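Reading through the structure tokens given below for one structure.
No lab work stands behind these numbers, since they all come straight from the coordinates. Model, not experiment: these values are computed from the prediction. Ideal geometry is used to build each Cβ from the backbone, glycine not excepted, and the neighbour counts take in all protein chains shown.
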Amino acid sequence: MLEQIANELENLKKEATSAIEAAGSTAELAELDIKYLGRKGSFAAYMSRMKDLSNEERPSFGKIVNEAKTAVSTALSDRRIALLVAEDTAKLKKDRIDVTLPGRFASVGSIHPTSAALKEISDIFLRLGFTIEEGPDVEDEWHNFDALNIPDTHPARDVQDTFFVKSPKEVAESGNKILMRTHTSPVQARTMEKQQPPIRFIAPGRVYRNERIDASHYTIFHQIEGLYVDKNVTFAQLKGTLMNFAKIYYGPQASIRLRPGFFPFTEPSAEVDITCTVCGGKGCSVCKGTGWVEVLGAGMVHPNVFKAAGYTDPDITGYAFGLGVERLAILKYRIDDIRLFYDNDIRFLEQFI
Ligand code: DAH
């Protein structure tokens, strides 16, 4: 009996060890472990045969079973180690990091040149004593045109030039149509409506025009409006403020030149040129040989604008100006196309980090 069991066990051991040798993964080994050494495994089944044996046979039986079990268990752990090493090596090979490769840098974001210019220009006027006011981008005709003395017949009031917004019925019937503001000047009207002089503010913001897009025109751009209203404000003060601004923004060599102009909301009005920054005033293609580039409009607030605001004190005077932000930035950074500000081409934006 014992001899037969010993033979069987020898066969079982051989079968188990060769299966273990052939196992290709630790997962497979785990299954073999259960199959042979588990609680319901092949060796456990043998132990239940102990009861068929005589008392003398039992110790030898135990020894044989234990030896076979130990042999299988040793084979299992040897194979497990070999497989673990192989699996580890394969994983390391697969996940290998080439430390000689250059690293990937996280790209750093930057302030958009329009935002940077808005801030830089605004900061200059803040230092010169101006505060900041805001008005809505979606305006009404009254604030954008009427309150600014712009007559009904003015070409800017045409759909060719202005984006009108579909208005609710009551608004359309009231005759005060809704539009995208064509300039920041309505902030003058809105601020005077709610504040008494003295007033000294700038209003930076976005404006909209129904424009054919080209290198120097876009349907959206930014302006900074300026308004100073008090007793006896003079044209000389306007000129001084703009001269100061030009020298701070472009450097001490920059100068300004005022030419007579026309705006319905100022009288007298001036077109203001700044020394061409590209040629330093000598004359080039940017300034069309004149040495000057037009960058803003300005003037003394028209009496009709004060009237619309409800200002009646005859000693009250004021100056106003409106400058194009992209225009100023184009000159400062020598950008040759306004569309670049709106394309969001990363190669352009990266130059302003
Ligand atoms: N609103 C004018 C425009 O968009 C610019 C302007 C001119 C503003 C003269 C002013 C001013 O305040 O006094 O063309």
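Values as computed for the structure displayed
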{"quantity": "Sequence-separation-based contact order of region 113-352, relative, with Cα cut under 8 Å and 6+ spacing, percent", "calculated": "21"}
{"quantity": "Net charge over other residues, Cβ less than 15 angstrom from the Cβ of Ser269 (K, R count +1; D, E count -1)", "calculated": "-2"}
{"quantity": "Descending semi-axes in Å of region 296-353, equivalent ellipsoid built from Cα gyration tensor", "calculated": "40, 11, 9"}
{"quantity": "Trypsin sites (Lys or Arg not before Pro) within region 212-260: DSSP coil, no more than 16 neighbouring Cβ in 10 Å", "calculated": "Arg212"}
{"quantity": "Rg over Rh [alpha-carbon atoms, Kirkwood Rh] for region 161-201", "calculated": "1.10"}
{"quantity": "Euclidean distance between Cα centres, region 128-172 to region 219-250, Å", "calculated": "22"}
{"quantity": "Amide N of region 55-80 lying under 20 Å from the label point, which is placed 7 angstrom from the Cα of Lys14 along Cα→Cβ", "calculated": "64-76"}
{"quantity": "Order of Trp142, Trp292 under a 10 Å beta carbon neighbour criterion, fewest first", "calculated": "Trp142, Trp292"}
{"quantity": "Neighbour cut-off at most 12 other Cβ (10 Å), DSSP loop, trypsin sites (Lys or Arg not before Pro), region 27-63", "calculated": "Arg39, Lys40"}
{"quantity": "Restraint check, Lys35/Lys91; Lys35/Lys94; Lys166/Lys231; Lys239/Lys288; Lys14/Lys40; Lys247/Lys288, Cα-Cα greater than 30 Å", "calculated": "Lys35/Lys94; Lys166/Lys231"}
{"quantity": "Fraction of alpha-carbon pairs over 30 Å apart in the chain - percent", "calculated": "58"}
{"quantity": "Under 20 Å from the Cα of Lys169 - lysines, other chains or at least 8 residues apart", "calculated": "Lys177"}
{"quantity": "Residue-averaged [θ]222 nm for the chain, counting only DSSP H segments that reach four residues, each worth -39500 (n - 2.57)", "calculated": "-13000 deg cm²/dmol"}
{"quantity": "Among Ser73, Ser110, Ser122: highest mean-square fluctuation, GNM of the chain, C-alpha pairs under 10 Å", "calculated": "Ser73"}
